[in-house]
Amino acid sequence: MVRRAVLHVKKYDLFNSLREALRHRRQPVQEEDSDPDGLFGEVPARRTARGSVKDSRQQSFRPSSRELEVIDALASAYAFPNRSDFLNSALDAFLPPAPDDGPRRRTSGQA
């Protein structure tokens with residue numbers, strides 16, 4: 001999946017737009033961005049904290065040394081801060097958004 005995501009980014013030359021989106025995500029919150037009254041409310045689909053997610057379907061990625069060389073070269077050539085930021089951006093651009101399943105259904109035996 002990672003390989004497909006990187007090839008997708010290269011095929012459609014998405015490097016600059018991904019780097020710009022990453023820059024915007026990393027900018028610190030400015031005072032004028034503060035919303036203490038909750039005018040805009042919470043965005044349920046937006047992930048605001050890092051860490052493990054319950055029921056995650058995370059897969060491990062074990063690239064070959066050649067794949068690592070290519071990924072690192074692309075990340076460096078397009079000025080991504082690091083390999084992880086580049087791969088996360090590539091996967092975000094390639095994968096469809098996660099479906100909103102709504103509340104999880106309980107199966108028998110669950111309280």
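Before moving on, here are some points about what is shown:
- Of all residues in segment 48-69 being surrounded by 10 or more Cβ atoms within 10 Å (Cβ to Cβ) and part of a loop (DSSP other than H, G, I, E, B), the one that is modelled with the lowest pLDDT: VAL53
- Checking ASP72, ASP13 one by one, the residue that is modelled with pLDDT of 95 or more and in a helix (DSSP H, G or I) is ASP72 and no other.
- Of the residues screened, SER84 is one that is at pLDDT 85 or above and either out of contact with any Phe, Trp or Tyr (no Cβ under 6 Å at 6 or more places or on another chain) or acidic (Asp, Glu) (or both).
The values are calculated or read from the model by the stated rules, or taken from the named source; none is laboratory data. Here the structure is a predicted model, which means the values were calculated and not measured. Please note: Cβ atoms are built from the backbone with ideal geometry, for glycine as well, and neighbour counts cover all protein chains shown.
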